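What follows draws every value from the coordinates through simple rules; no lab data is involved. Source: prediction; values computed, not measured. Quick reminder, even Gly has a Cβ in these numbers, built from the backbone with ideal geometry, and neighbours come from all protein chains shown.
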Amino acid sequence: MLPSTLTALLAPAVALFSLNVNSALPPKNPDVLQFELRQYHAVSPGAQVLFHNTPLNSLSENSRTTHRLRSKLVKSHRPSSSAAFAHARARSIRFAESVSLDWDEDEIVGPDVERRETLLELAKMTNNAYLEPSESGWYDLDGKWNVSYPVGWEPDADGFRGHVFATPDNSTVVVSIKGTSAGFVGGGGPTSKKDKLNDNLLFSCCCARIDWTWTTVCDCYRGGWKCNQECLETSLVEESLFYSVGINLYNNITYMYPEANIWVVGHSLGGALASLLGVTFGAPVVTMESPGEKMAARRLHLPSPPEVQHITHVYHTADPIAMGTCNGVLSTCALGGYAMESRCHLGLSIVYDTVSNLSWAVDIRTHGIVNVIEKILSQPWPPSVESGREVPQAKAEEDCVECFSWEFGDFP
C-alpha cells in the first residue's frame, strides 16, 4: 500500500490530469509564427497558479513587442487518455508495475529547431522569465511595460514563474518557465530557496548527499554508497513541488487556450521542468542549458512514450551543469550548496562545442542564458555553416551513465 502522505498527494495529482490531452487538431503548418506576450504566470505560497495579463494587450497592434519564429511539423506521442497515463504512473509508483500504455502518434506544429533565429527568439523569451517587468535586461522592450509588480512577482514570492506568449489568433502558445535563481550564476532573489530544493531533489543521486558535512533534502541515505530507492522516489513525489505545479500550470493554459497548440521552453531548472511536461503531455519543448532530467523522469515514474523527438535540448560544452560535470565536493555547484549530479537528457540534444571552437574554459559562469543569446545564437555558428546547416545537428544521447558509484535498492 502507498503511504498515506503519498496517497493524499497522488489523488489531487491524478485529478489534475483531467485535461483533454487529445486537444483540437492544430492548424496546418504556417511556417512563420508571430508571438506576443500575453500573461505572466507565477505560483502563490499556497501553490495556486496565478496569471497576470500584460498591459500590452491594451496597446494597438502596431505597438506590441512580438517574436517571430519559424515552425515545422514534428512527431509527437501523446497518451491515449489522461486517465490511462495517471493509472500507469500510479501502478508504477505503488507496485513497481510496468503497465502497457497506448500512445497516439501525431504530427503537430512545433518550433523549427534547425533554424538559428528560432533558437535565438526562444532563448530571449526564456531569458525574460527571470526578470520582473520593471527590471533591466529584457529583450525587445519598447519602453511601454508596466513598472508595477503584477501578481506573483511580489518581493516575497517563492514559487516558479514565467511568461505566456501567443500568436494573434491563439492557435499556438509558448509557455516559458524560469530556471534557478542562484547568486553563484549571477542571479538570486526570493525564489532561490525553493529553486535549490527542487534542484537537489531532481538532479542529485541521493538526496544531495555529497559528503558527511551536507544536510540532505530527504532521509534516504543508508551509509556508504547506498540509497533506499523507494524512499527516494516517495520523497521526490512528495516534495518536488515544481513538477506538480507544472501539471497545474499546463492544465490552466489548456483551459485558457482550449484550441491552442502549446510549446514549453525554459532555461536550466526551468528547461528540465519543461521537458518533464513535454513527456507528460506530448508538447513540443526546447530547453536551454538544462541539467540532465532523464533520471528525474524515471524516479517520478513518468510513462515513457515510444519516441521523444519533440523534446530538444540546446547547450554548450563549457557549461558544467548541462554537461553533468559540476559535481564533487570541491565543485562550484557543491560549494554553492547544489548537488548537480545528473547528466543524461531525454529527446534530442543540440550541442555547441564552445570549448573546441571558441576556446572557452569550462566554467559555471557560462551557464547563464545571456551568454547563450549574445555569444552563441546571435551570430552564425561557423562549424555548422561549413556543413550547410544553421545549428549543430540534433542527436540523441547514447550510452549515457550517471550516479554509477551509488547502489540503489531496498535498504532498511
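Could you compute the net charge surrounding Glu114? Neighbours are other residues with a C-beta less than 15 Å from the C-beta of Glu114; K and R count +1, D and E count -1. So the surrounding residues net to +2. Remark on Thr66: its backbone amide H falls under 5 Å from none of the residues 5 or more positions apart or on other chains, H modelled at 1.01 Å from N.
For His267, the residues 5 or more places off, or on other chains, whose built amide H falls under 5 Å of its own are Ile177, Gly179, Met288.
Is there a pair in Lys75/Lys194; Lys194/Lys395; Lys178/Lys375; Lys72/Lys395 whose C-alpha atoms are over 29 Å apart, and which pairs would that be? Walk me through the numbers before you get to the answer.
Details: Lys75/Lys194 34 Å; Lys194/Lys395 32 Å; Lys178/Lys375 21 Å; Lys72/Lys395 18 Å.
In this structure, Lys75/Lys194; Lys194/Lys395 lie more than 29 Å apart at Cα.
Listing Lys178, Lys75 from fewest to most neighbouring C-beta atoms within 10 Å gives Lys75, Lys178. By the beta-carbon count within 10 Å of each Cβ, the least crowded to most crowded order of Trp225, Trp212, fewest first, is Trp212, Trp225.
The H on the amide N of Tyr352, modeled in the peptide plane, is under 5 Å from the matching H of Tyr315, His316, Thr317, each at least 5 residues off or on a different chain.
Please arrange Phe408, Phe203 by counting, for each residue, the other beta carbons lying within 10 Å of its beta carbon, fewest first.
Numbers: Phe408 19, Phe203 28.
So the ranking, lowest neighbour count to highest, is Phe408, Phe203.
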